[in-house]
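The values are calculated or read from the model by the stated rules, or taken from the named source; none is laboratory data. Quick caveat: nothing in here was measured; it's all calculated off a predicted structure. Because the Cβ atoms are built from the backbone with ideal geometry, glycine has one as well, and the counts that use them run over all protein chains shown. These area figures cover heavy atoms from the full protein model, side chains too; ligands, DNA and RNA do not enter into them. Shrake-Rupley method; radii C 1.70, N 1.55, O 1.52, S 1.80 Å.
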Amino acid sequence: MPSSNLTALCLRRRETGERDLVVTFLTREQGKLSVFARGVRKATARNASVCQPFALSIIQIGRASCRERV
């Protein structure tokens, strides 16, 4: 699964399921991008701060089948 590092600004987050989110990022390289972030709503999630609105972060995106994941 190829991955890429992007500088991104979090625009929106939507809850899906018990522990997952669909997050919309704005990047210079790929524009507006919606990704599926698994397990970020858990109490022990290390990358939960990346998914807060208006957070500027460097994210690593990997493709899994037809969806993109953080």
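Out of all the residues in the stretch 2-35, which are without any contact (Cβ under 8 Å) to a residue 40 or more places away in the chain and of a type in the set (Ser, Thr, Tyr)?
Applying the first criterion (without any contact (Cβ under 8 Å) to a residue 40 or more places away in the chain) to the stretch 2-35 yields 14-22, 24-35.
Thr16, Thr24, Thr27, Ser34 - these are the residues of the stretch 2-35 that are without any contact (Cβ under 8 Å) to a residue 40 or more places away in the chain and of a type in the set (Ser, Thr, Tyr).
Which count do you get for residues in the stretch 30-58 that are β-branched (Val, Ile, Thr) and under 17 Å from Arg14 (Cβ atoms)?
As a first pass, look at the stretch 30-58 and keep what is β-branched (Val, Ile, Thr): 35, 40, 44, 50, 58.
Right, trim to under 17 Å from Arg14 (Cβ atoms) and you get 35, 40, 50.
Qualifying residue count for the region: 3.
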Taking the residues in the stretch 16-70 that are in contact with a Ser or Thr (Cβ under 6 Å, 6 or more places away or on another chain) and open to solvent by 80 Å² or more (accessible area, probe 1.4 Å) as candidates, determine which candidate is modelled with the lowest pLDDT. Gln60
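Being in a strand (DSSP E or B), among the acidic types (Asp, Glu) and closer than 17 Å to Arg63 by Cα is the filter here; which residues of the stretch 1-38 pass it? Don't jump to the end; show me each part of the working.
Going residue by residue through the stretch 1-38, those that are in a strand (DSSP E or B) are 3-16, 20-27, 31-37.
Now narrow it down to the ones that are among the acidic types (Asp, Glu): 15, 20.
The answer is Asp20, and nothing else.
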